Each structure stands twice: as C-alpha cells, then as structure tokens.
Amino acid sequence: MHGLGNDYVYIDAFNPDTAAILAATDLSDLARRMSDRHFGVGSDGLVLIMPSHCADIRMRMFNADGSEAEMCGNASRCIAKYAYEQGLCGKTMTLETLAGIKHLTITTNAQNRVTEVTVAMGQTMGNPHKVFIVEEPVDTITIHEIKGTNAEWVNVLNRNEIAMRVWERGTGETMACGTGACASAAAAMDKGLTDSHVTVHLRGGDLDVQRDKKGILYLTGTATEVFKGTYNWED
C-alpha cells in the first residue's frame, strides 16, 4: 500500500502462523531484503499490522535500512484502510505505535471502501524532524541527509498552502511523509506564516493538516492498496 507514493510492504500479523514466523525472524534484516527495489519487493520500508493489548491495532514500522521508526502518518492511514476493509475495526480506531496511541477516523464511499483517513497526530510527531523554511522553490534545490533526523525543506505559498520535500531517516527522499507534513505545517504556523489549516503539497500529492485550539494536529489523506502477494523467505 502507499500514501501519496510513500510505499511500504504490509504484513498481516493477526494470522497466528504468520506471527509465529515473524517472532523467529530478524525483522530488520527482513525489512532490508523486502525493501530492496532490485532484489526484493521494493518499498520505503516494512510495516507489521499486529494485535495490541492497549489499542485496536498495533503497528511496527521499519525503514528501508532496517532501522525501526516510532511513527508514520502515511503508514497509519494505510493500516486503517486495511483494518477496516478486513473487518478488524470500525470507522474509528486506536493504533498503538512507539510514539503512543493514535486515534484514527475513516471516511468511506458508497461502496464502503476507504477514501480518506484522518489521524490525530498529537502536539508532537513522536519522531524527530528538522524543518527548513526556504525561499528557493523546493523542486529546484538539492536536499540531503541530516544525520539522526527526518528533514523537510518547505516553501510557504500563502496562508493556507505550503510545498515540501522530505528526506526520511533510514530511507532517503520519499514522495510523501505524513509526520513531516505535520512538522512542516506546525513550524509554519508557529512562525505566524500560515493559518491553522493548511494544504501540504508533496511530490506524491496533497495532505491536509489542521491544528485545533489545544495544539493537536490532524492529518488527513488517502491510502491506496496496490497488490497482494507471497514473499518467499529464505535464510
């Protein structure tokens, strides 16, 4: 599945047999192998959809380099889509992440398919971000790794729109980043450059970010299923 081109391989670990295999597997190594775009499936990383003792669903998310991340806004929306369409949850759900429990709300169409998901991200993203608000058009600049953090380069277009490119820790440049969109919007809001409701334009499409009076950020966007398959794991 992908959220605006930010693509991950998702494994349904509600299946007991699958869960048993994963429990005996080096997940970092599995993420590196599966994410390889030439010798694996090809993705920005690996996400496990798991049972939780404190929420409806638990998420574990690994970057393409095998490092585990605390939170991913795009992956959260994709998990919500999968969980709803597989009958694992209703139109509201709670998601356990390493950044805490997140609350998600699902919008469906007439065919009861998920069209959008809103994630209550909180006041902080749960993973680190460094935001650069720049004058040069973000499509023309060279972005790069900032050690130990996710990094965003942002143009403020008007009071309700920003443009952003992102370098994700452990992966590289991606088409979109949900936590990065929220961090970028929050930085622009904190500087008084935008209002509390902005559209974030990314290379993969647009995300909607709103901040309420308590400072809670809400991220809304699409989630898309691409294919299902079987991965042949060999030591």
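The values are calculated or read from the model by the stated rules, or taken from the named source; none is laboratory data. Computed from a predicted structure; not experimentally measured. Every residue, glycine among them, receives a Cβ derived from its backbone with ideal geometry; neighbour counts consider all protein chains shown.
Every residue, every condition in (1) touching a residue at least 40 places away in the same chain (Cβ under 8 Å); (2) within 27 Å of residue 232 (Cβ to Cβ), yes or no:
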{"site": "25", "(1), (2)": "yes, yes"}
{"site": "40", "(1), (2)": "no, yes"}
{"site": "56", "(1), (2)": "no, no"}
{"site": "76", "(1), (2)": "yes, no"}
{"site": "84", "(1), (2)": "no, no"}
{"site": "95", "(1), (2)": "yes, no"}
{"site": "99", "(1), (2)": "no, no"}
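Among 129, 197, 201, which is the only one that is at pLDDT 95 or above and closer than 30 Å to residue 52 by Cα?
Answer to the selection: 129.
Which members of the range 169-207 meet the condition of being part of a loop (DSSP other than H, G, I, E, B), aliphatic (A, V, I, L, M) and surrounded by fewer than 24 Cβ atoms within 10 Å (Cβ to Cβ)? Give the derivation first.
As a first pass, look at the range 169-207 and keep what is part of a loop (DSSP other than H, G, I, E, B): 169-171, 175-177, 191-196, 203-204.
Those still in the list that are aliphatic (A, V, I, L, M) too: 175-176, 193.
Hits for the range 169-207 are 175, 193.
Can you pull out every residue in the range 208-224 that is in a strand (DSSP E or B) and either surrounded by 20 or more Cβ atoms within 10 Å (Cβ to Cβ) or within 14 Å of the chain's Cα centre (by Cα) (or both)? Talk me through it step by step, then tell me what you get.
First, the residues of the range 208-224 that are in a strand (DSSP E or B): 208-211, 217-221, 224.
Scanning the range 208-224 gives 208, 209, 211, 217, 218, 219, 220, 221, 224.
I'm told residue 110 meets every condition in (1) in contact (Cβ under 8 Å) with a residue 24 or more places away in the chain; (2) under 26 Å from residue 84 (Cβ atoms); (3) among the aliphatic types (A, V, I, L, M) except one. Can you identify the failing condition by its number?
All conditions pass for residue 110, except number (1).
Listed here are the residues, each with its yes/no results for (1) touching a Gly at 6+ places or on another chain (Cβ under 6 Å); (2) touching a residue at least 40 places away in the same chain (Cβ under 8 Å); (3) closer than 24 Å to residue 102 by Cα; (4) not assigned by TED's automatic domain parsing to the domain that holds residue 6.
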position	(1), (2), (3), (4)
205	no, yes, yes, yes
215	no, yes, yes, yes
220	no, yes, yes, yes
226	no, yes, no, yes
232	no, no, no, yes
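Yes/no per residue for (1) surrounded by fewer than 15 Cβ atoms within 10 Å (Cβ to Cβ); (2) among the hydrophobic types (A, V, I, L, M, F, W, C); (3) outside any loop (DSSP other than H, G, I, E, B):
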position	(1), (2), (3)
81	no, no, yes
89	no, yes, no
101	no, yes, yes
105	no, no, yes
121	no, yes, yes
142	yes, no, no
162	no, yes, yes
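Taking residue 56, is it among the acidic types (Asp, Glu), over 18 Å from residue 102 (Cβ atoms) and in the same structural domain as residue 28 (by TED's automatic domain parsing)? Even if it seems obvious, please write down each step before you answer.
Numbers: among the acidic types (Asp, Glu): yes; over 18 Å from residue 102 (Cβ atoms): no; in the same structural domain as residue 28 (by TED's automatic domain parsing): yes.
No; evaluated as a whole, the condition is false for this residue.
Within the range 146-160, count every residue that is buried (at least 20 other Cβ atoms within 10 Å of the Cβ) and more than 14 Å from residue 134 (Cα to Cα).
1
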